[in-house]
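K.L.:
Could you have a look at this structure, given as structure tokens, before my questions?
Where a number appears in this text, it was derived from the coordinates with a stated rule and is not lab data. This is a predicted model, so every value here is computed, not measured. Cβ: placed from backbone, ideal geometry, glycine included. Neighbour counts: every protein chain shown.
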Amino acid sequence: SDAICNFVICNDSSLRSQPIIFNPDFFVEKLRHEKPEVFTELVVSNITRLIDLPGAELAQLMGEEDPKLPGANSTASGFFRSLMSLKRKEKGVVFGSPLTEEGIAQVSQLIEYLHKNLRAEGLFRVPGNSIRQQILKDALNSGTDIDLDSGEFHSNDVATLLKMFLGELPEPLLTHKHFHAHLKIADLTLFDEKGNKTSTPDKERQIEALQLLFLILPAPNRSLLKLLLDLLYQTAKKQDKNKMSAHNLALMFAPHILWPRNVTANDLQENITKLNNGVTFMIKHSQKLFKAPVYIRECARLHYLGSRAHTSKDDLDLLTSPGSKELQPLKSQKRSRLDSCHQEETQQRTEEALKELFLHVHNMPDSAKKKKLIRQFNKHPTALTPGSDVPTSPAPRRTRSRSFSGLIKRKVLGTPLILERKSRDSTPEPVRVSKENVQLLQKCGSPAHMSQVKLKSLEGHKEGSCRLMRARLLSRDSSSL
């Protein structure tokens, strides 16, 4: 069951309310097949975040340059190297051919049989019968059906043939391009409090680096590697019966899955311990290595959903930090929408009150005060009043002074009502306010009451002006007489 991806049923309404099968790595595989260049660049950028790859080694990992392997420039050609080269020239349908899905299907029969016979002592170490192995090899190459449970073949025959198949591949299962990256992963160690490297392996970073590296393996290599490491993991779990630990198994398989082809142990004498320990680590942690890192899953998902793509683990850490959970952006969006709605309602009520006040002022008798009030309304930048529809004569600008228009506007806009304040730039206009009008103005709560106060004041001012004119006329007539 560990070899099968986890699936859940998704009934998301955004997906047209149709139940679908959802694979956690679905978008990762989709991105790998549809946009391999984008996928490779994404994965390699995160690999270089974990391990230091110089320009040449990075180009080899990307496939831009041919890998430079140990012993490739050596003029010495030992017996072992020549023998291995001759064996690979005899290509069959399965053995000695590049890895294909057909070859994996044939070899998977061997792996399935070995899962049932993990208790054989010295499994993968004790060689089987060469004649039975050749019969089995020919059968696999020809594609004929094989009944391994018939008892004709021993588990050691099958185990040895599996190693032979891996050893005859044109290149190791982990490919030549990844050779230098595996050496660097083996060097990942923890740091002490002072920032100095220690000899303790950094298992978390090694697992993460291997997860990324396995993502860019060719699909057939990755499929067979998963089947093989799972078999070796189960074999090591029964080491009390078969006497084969993870390290013993690594010694058997490292030359077949990781060592470059046509090299000997002398060519790898400086790195042979790293390579063997690296395969041991893969066997012990095989159940974690074929899951894409969380940030790669998230990046692939966001790539297809059209949202911001997080290209590294650091970006995902920022996204999932306690101060910035995924629900917080939704809450902030709702809060901003509520605030904007509240502001719009307040602005609308203010505009309606100003319009009503303007209509009351517009219905006042024609006078200089009325024109001044209308001009002040027209100067207000936020008041949407029908002032443009009323023809008014242009007038020169005047300095702002205290008047009933200012009191009315401050009352509507919510500013405190202060009747006695000295003007900075001009003297107050000679508008007389009676005690009765002041009391009425303080009691009023609507523009209609304010207009009544204004009308009463204007009537009193108009009556006083008429009395003064009659007195002047009488004095002039008396003087003429």
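K.L.:
List the residues, sorted by chain then number, that are 5 or more residues from Thr189 or on another chain and whose placed amide H is less than 5 Å from its amide H.
P.N.:
Asp202
K.L.:
If the chain between Phe191 and Lys237 were fully stretched, how many nm would it gain, using 0.36 nm times the residue separation less the Cα-Cα distance?
P.N.:
Values: separation 46, 0.36 × 46 = 16.56 nm, distance 3.12 nm.
Additional length available on full extension: 13.4 nm.
K.L.:
Calculated FRET efficiency, Ser245 and Glu101, Cβ-Cβ r, R0 30 Å, to nearest 0.05? Could you put the intermediate results ahead of the total?
P.N.:
Details: r = 32 Å, r/R0 = 1.07.
Once the sixth-power term is evaluated, E becomes 0.40.
K.L.:
Roughly speaking, what is the stretch gain from Glu121 to Thr350, that is 0.36 nm per residue apart minus the C-alpha to C-alpha distance, in nm to one decimal?
P.N.:
73.4 nm
K.L.:
Within 10 Å of each candidate Cβ there may be at most 11 other Cβ atoms; applying that plus a DSSP loop requirement, which trypsin sites (Lys or Arg not before Pro) in the stretch 107-193 survive?
P.N.:
Lys116
K.L.:
In nanometres, what is the gap between the two model label sites at Ser130 and Ser199, each 7 Å from Cα along Cα-to-Cβ?
P.N.:
Inter-label distance under the simple model: 4.3 nm.
K.L.:
Can you give the local net charge around Pro54? Use residues other than it whose beta-carbon is closer than 12 angstrom to its beta-carbon, Lys and Arg +1, Asp and Glu -1.
P.N.:
Charge balance near Pro54 sits at -1.
K.L.:
Scan the stretch 86-157 for GluC sites (Glu not before Pro) in coil per DSSP, keeping those whose Cβ has at most 13 other Cβ atoms within 10 Å, and list them by number.
P.N.:
In loop regions of the stretch 86-157 (DSSP not H, G, I, E or B), the sparsely surrounded GluC sites (Glu not before Pro) are Glu90, Glu121, Glu152.
K.L.:
Residue separation times 0.36 nm, minus the C-alpha to C-alpha distance between Asn277 and Asp149: what's the value? All intermediate terms of the calculation are to be shown ahead of the outcome.
P.N.:
Details: separation 128, 0.36 × 128 = 46.08 nm, distance 3.43 nm.
So the chain would gain 42.7 nm between Asn277 and Asp149.
K.L.:
Right, next: Here is the link list: Lys30/Lys226; Lys177/Lys237; Lys197/Lys237; Lys241/Lys284; Lys116/Lys163; Lys35/Lys274. Which ones come out longer than 23 Å on Cα distance?
P.N.:
Lys177/Lys237; Lys197/Lys237; Lys35/Lys274
K.L.:
Over the stretch 93-170, what lengths in whole Å, largest first, do the semi-axes of the equivalent ellipsoid take, defined as the square roots of 5 times the eigenvalues of the alpha-carbon gyration tensor? Walk me through the numbers on the way to the answer.
P.N.:
Numbers: eigenvalues 73, 36, 28 Å².
Each semi-axis is √(5λ); the values are 19, 13, 12 Å.
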